[in-house]
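The values are calculated or read from the model by the stated rules, or taken from the named source; none is laboratory data. As the structure is a computational prediction, the values presented were derived from the model and not from experiment. Here the Cβ is made from the backbone with ideal geometry for all residues, glycine too, and neighbour counts use every protein chain on show. Accessible surface is based on the protein model in full, side chains and every heavy atom, while ligands, DNA and RNA are left aside. Shrake-Rupley method; radii C 1.70, N 1.55, O 1.52, S 1.80 Å.
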Amino acid sequence: MSERAVQRLGLGLTMGTLAWAASIFVFTTDPHGIPGRIGDLTGLLFQFGIFCLLAVQYRTGAIGTGRAARRFLKAEAVILGIASLWSLLHGVLPTDLQAAAWLAPMDICWPLSMLGMAVIAVKLAVAGRWQGVLRWWPLVAESWAVVTVPSYILLGTEASRWIGGTHLLIGYATLGILLTRNPRLVLPRT
């Protein structure tokens, strides 16, 4: 994998994250009406950014180069793909179909994909194949649920919206910037 490819994929992660964070700041996290549709579609852009991150992780052997590591990353991509399909469908389907029972299993893939990314972040830190700040920053990005869900429970929707959106910027958008600025830190050492 070239440094340039890492930079492009890092930019994709940052841009997708910025789109979703902006949507959260401007339109809240209300899943209904036009704001909900914008949230779904900008969430889809974020998911495309996560695909960029997965591509870097896969191609650099971030969690290892063995069969189990490759399979785990491929399984994560499938789950993320299903979650992305849900985001697209929920963002464009007529309102009466948005709550269709057949969409529910796809919706479950959203949190499952983020759980998978958290496992990857831990495995990445332990494997030590990425260097410097990029070895550890995925853990910051993946702490989103650990920070945002309790803030929702303790502080309510409005506060958690700002906390969650800000955490996206600190975690994922910054991770993309770090990949763009320091691609050598994720490339295998020769």
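A few notes on this one:
- Since only Ile108, Thr166, Ile79 are under comparison, the one whose Cα sits farthest along the positive direction of the charge dipole of the chain, derived from C-beta charges on Lys, Arg, Asp and Glu, is Ile79.
- When Rg and the Kirkwood Rh are both derived from Cα coordinates, the Rg/Rh ratio for the stretch 104-173 amounts to 1.04.
- Our estimate of slack between Leu155 and Ala100, defined as 0.36 nm per intervening residue step minus the Cα-Cα distance, is 16.7 nm.
- Once the Cβ-Cβ distance of Glu3 and Ile108 is raised to the sixth power relative to R0 = 35 Å, the FRET efficiency obtained is 0.40.
- Each residue of the stretch 179-187 is assigned a 3J(HN,Hα), and the resulting list reads 5, 5, 8, 10, x, 5, 5, 10, 7 Hz, derived from the Karplus form 6.51 cos²θ - 1.76 cosθ + 1.60 (θ = phi - 60°), x at Gly and Pro.
- Sorted largest first by accessible area at a 1.4 angstrom probe radius, with every protein chain in place, the residues Tyr172, Tyr58, Tyr152 fall in the order Tyr152, Tyr58, Tyr172.
- Applying D = kT/(6 pi eta Rh) to the chain, where Rh is the Kirkwood radius over alpha-carbon pairs, T corresponds to 25 °C and eta to 0.890 mPa s, the Stokes-Einstein value obtained is 146 µm²/s.
- Per-q log10 I(q)/I(0), the stretch 45-155, q = 0.09, 0.11, 0.20 Å⁻¹ (Debye; single scatterer per alpha-carbon; no solvent): -0.28, -0.41, -1.07
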